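Reading through the structure tokens given below for one structure.
Coordinate-derived values only; no laboratory data. What you see is a predicted model, and the numbers here were worked out from it, not measured in a lab. Methodologically, a virtual Cβ is constructed for each residue, glycine included, from the backbone with ideal geometry; neighbour enumeration extends over all protein chains shown.
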Amino acid sequence: MDMSPKSSDGEKKDGLLVETDPMEVVASSSLLGKRKVESPTSDCSDDDEDAEDSDPNWDKDSFDGREYHSSEDQQDYLNDEDFERRSRFYKRTVVETKGFFKPSEDFPTYILAGIVTVWDLEAEVHPGVTCRQFLADMACMCLAKFNRRKEKNVKFENVLRANFHPKGSRTKYYITFAARETDSPDAPLVEYQAKATRYGGETFPILCRPTVQ
């Protein structure tokens, strides 16, 4: 039985189902696809390289300083011990990984609110654009900003997995991708994380960093 979490048609908040933007969650339907290498639709370069970068929210992680304490979890689990155990494990994992978690059979079958996995990386988001390419474009925007800020030259390789959090008209993406930290094609692959928000058809980079093992 597939026990990996799946999103409902909306988001449940404070006990109520809140509709999410279907255009932002179109890629969430089925089991995680194969990790096929696909190029992003852009070249991962910084289109505004020479402009002054004054974004004060860049590299600010909303999970910093957060901890999960089961004693503070007041959700009503309807006397379902298995669902409670799985839900508490999911919540702890989300906080400990800062949203960049891998799917787990120990998560609840359905996640009614919160961060969920992008299941099919090969699904079309737009005509001719797969979910993998859509995510790669967002990751490249974050990586370009990281390279400029850190004076690095990290090269994007491919998307490994991604999670997303639909909330009203905004969707936040947590993208894990492979990269090379030098121009050499023989350089080892390094796992990186990118976080961005989609709103009004635009991407707003939040952070980019090597994955902390």
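Values computed for the structure shown
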| quantity | calculated |
| --- | --- |
| For the range 83-94, Karplus couplings with θ = phi - 60° (6.51, -1.76, 1.60), whole Hz, Gly/Pro x | 5, 4, 4, 5, 5, 5, 5, 4, 4, 5, 5, 4 |
| Estimated vicinal HN-Hα couplings, Hz - the range 143-155 in sequence order (Karplus 6.51, -1.76, 1.60; Gly, Pro = x) | 5, 4, 5, 4, 4, 5, 5, 9, 6, 10, 9, 5, 10 |
| Viscosity 0.692 mPa s, temperature 37 °C, Stokes-Einstein D of the range 132-208 from Kirkwood C-alpha radius, µm²/s | 260 |
| Label-point separation in nm, PHE83 to HIS69, each point 7 Å along Cα→Cβ | 2.7 |
| Extension gain from SER184 to GLU124, taking 0.36 nm per residue of separation minus the Cα-Cα distance | 18.4 nm |
| LEU160 long-range amide H proximity, modeled H, under 5 Å | THR176, PHE177, ALA178 |
